[in-house]
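Here the structure comes first, spelled out in structure tokens, and everything after it is commentary.
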Amino acid sequence: MMGFLFLIMILIVISDQVNGSIHDYSNEHFTHSSNAFFFHGGSEGLYASSSPKPNSFIRFETVSFIRPKESASKHGVMQQNTGLVEAIILEVKDRERIGGSYLKSDLICCEPELSRDEKCNLGEVIIHNNPDNPEFPKRIKTFFQGTNEQVQMETQTVGINATGMYYLYFMFCDPSLSGTVIKGRSVWRNPKGYLPGKMAPLMTLYGFMSLAYLLLGLVWFLRFVQFWKDIIQLHYHITAVIALGMCEMAVWYFEYANFNSTGTRPMGITLWAVTFTSVKKTLSRLLLLVVSMGFGVVRPTLGGSKITSRVALLGVLYFVASQALELVDHLGNINDFSGKTKLVLVLPVVCLDSCFILWIFSSLSKTLEKLQVRRNLAKLELYRKFTNTLAVSVLLSIAWIGFELYFNATDPLSELWQIAWIIPAFWSLLSYALLLVICVLWAPSRNPTRYAYLEETGDDFDEEGISLTSSVAKINADVAAKLDRKERKSSSATDLAFGEDVEEDKRE
């Protein structure tokens, strides 16, 4: 896993940028299906142009096709149109209009029998145009000439006049062109920028989340300064998570805004955004774990170097797995993340998340049991509220994972792309909500013994009965005074009992 991460880092160092809405083709091969050869050139959610001049479009730039020498040598120098490659743009709802399905045929390319019936043109892909949008599916033809091995597609822009999920395929029907490769690029743009339609709402979300973390950080900072004498170590951990969340959302917003304006994703910005996300995820889970273990509240440490090492190891493993998944998820073209690759990278993250959940609830159970034995009612109530919140969040997470699996299974072609943003948005909001609950429950105050760890002084010691001030020295003085009073009471009771025994002896 570490070697895989370092490999990705090396690729980042030697690369300048990640392509997003600019889809690059570098000597890509065509796939054979039915009686056609095709290459998937990209797919994105696009909104209709909002003005007469197309500001939502797909543009072909420097797209070239290179066929094998043996295929080119079969033709004469003076021959024209010795090979045809078609670029086909279609909206996903019109997928049945490609091929002969409407002619009750499984063929994709036109055969002599269909050509004789004048239902299609021989050697071309069968297309049945949409009567509601006659220009689509869109067909753009590029012909090889004579014995040329390479032909360049004419640079042109196709305006998008209807909102939908669009697919681009490059196809040819001539078996003699087998082995042909494609290179160049296509540029996809929405009316408000290059950001793909399914990602555009996330830029707005990250903007709002940045403000939400900023507001939370401001309130927390004011409380932190107001009660700085009563700050415990746990408060520094919470502060770090808030700061990382603020930076994470701000960097993602900047990364999406840059992507929207340029169509590319600079490696530097993407790497920072991904790293902030991985570090924040890791520290958030570690924060939940150490809080559940009672660190700084029920116990002064995590329980020895062995437990501390295990916590640190789990955090490092989770960071590496999360970083690998996030890097691959945000590198390359936005639709190039294959299902197999994702499954391989998701499994370690899921397993480590399960380890966190089991350890957190196991620790919470032990912490609650310890507080009940000690009769620390204030802390017990605090941890019960935290446990209930955590249990609700886990149930919501499981339900949402089920919904996500159902959503992806029932929408393999991204026809519901306009609402797909709610899936990552839920996890951002849930993470923020959990952090907010922790901030409320463990907020700095003038009553640090409500959650701060104190040495035990006996089974009948009452933490809540201590007269509290903002000075730790005063707290210690009060504790000492209370112990002194207990000793005096005990001594008086002993003397009284002893005196009564003496009187009984005298009467006898």
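For segment 260-273, take each phi angle, set θ = phi - 60°, evaluate the Karplus expression 6.51 cos²θ - 1.76 cosθ + 1.60, and give the result in whole Hz per residue in order, putting x for glycine and proline.
5, 8, 10, x, 10, 10, x, 4, x, 5, 5, 5, 4, 4
Can you give me the distance in nm between label points at L441 and I66, each placed 7 Å from the Cα along the Cα-to-Cβ direction?
6.1 nm
Could you sort 128-135, 382-389, 347-354 so that the peptide with the highest average Cβ count within 10 Å comes first and the rest follow in order?
382-389, 347-354, 128-135
Using the Cβ atoms and a cut-off under 11 Å, what net charge is assigned to the surroundings of R189, where Lys and Arg are +1 and Asp and Glu are -1?
Counting the neighbours of R189, the net charge comes to +1.
How large, in percent, is the carbon and sulfur part of the accessible surface of segment 339-418 at a probe radius of 1.4 Å?
The value for segment 339-418 is 67 percent carbon and sulfur by accessible area.
Show me, for segment 370-379, the HN-Hα J-couplings you get by feeding each phi into the Karplus relation (A = 6.51, B = -1.76, C = 1.60, θ = phi - 60°), rounded to Hz, glycine and proline as x.
5, 5, 5, 5, 7, 6, 8, 5, 5, 5
What residues of segment 158-199 lie in the reach of a label at S261, counting those whose backbone N is under 16 Å from a point 7 Å from the Cα along Cα→Cβ?
192-195
Net charge near G217: determine it from the other residues with C-beta under 14 Å of the C-beta of G217, scoring Lys and Arg +1 and Asp and Glu -1.
Here the count lands on +1.
At a probe radius of 1.4 Å, what is the per-residue accessible area of V225, in Å² to the nearest 10?
Result for V225: roughly 80 Å² accessible.
Rounded if a/c is under 1.5, else prolate if a/b is larger than b/c, else oblate: which is segment 64-182, with a ≥ b ≥ c the root eigenvalues of its Cα gyration tensor?
In terms of gyration-tensor shape, oblate.
Past the 31 Å Cα-Cα mark, which pairs from K53/K198; K104/K183; K280/K379?
K104/K183
Taking the highest mean first, how do the peptides 150-160, 80-90, 432-442 order by number of other beta carbon atoms within 10 angstrom per residue?
Averaged packing, sorted descending, gives the order 80-90, 432-442, 150-160.
Given a 1.4 angstrom probe, what's the average accessible area per residue across segment 188-327, in square angstrom?
That works out to 41 Å² for each residue.
How would you rank 243-253, 168-178, 402-412, 29-39, highest first, on the average number of other Cβ atoms within 10 Å across their residues?
So the order, starting with the most tightly packed, is 243-253, 168-178, 29-39, 402-412.
Which trypsin sites (Lys or Arg not before Pro) in segment 22-84 sit in a loop by DSSP (not H, G, I, E or B) and have at most 13 other Cβ atoms within 10 Å of their own Cβ?
Taking segment 22-84 and a limit of 13 other Cβ atoms within 10 Å, the loop trypsin sites (Lys or Arg not before Pro) found are K74.
The values are calculated or read from the model by the stated rules, or taken from the named source; none is laboratory data. Remember, it's a predicted structure, so these values are computed and weren't measured experimentally. Every residue, glycine among them, receives a Cβ derived from its backbone with ideal geometry; neighbour counts consider all protein chains shown. Note: areas computed on protein heavy atoms with side chains; ligands, DNA, RNA excluded. Shrake-Rupley method; radii C 1.70, N 1.55, O 1.52, S 1.80 Å.
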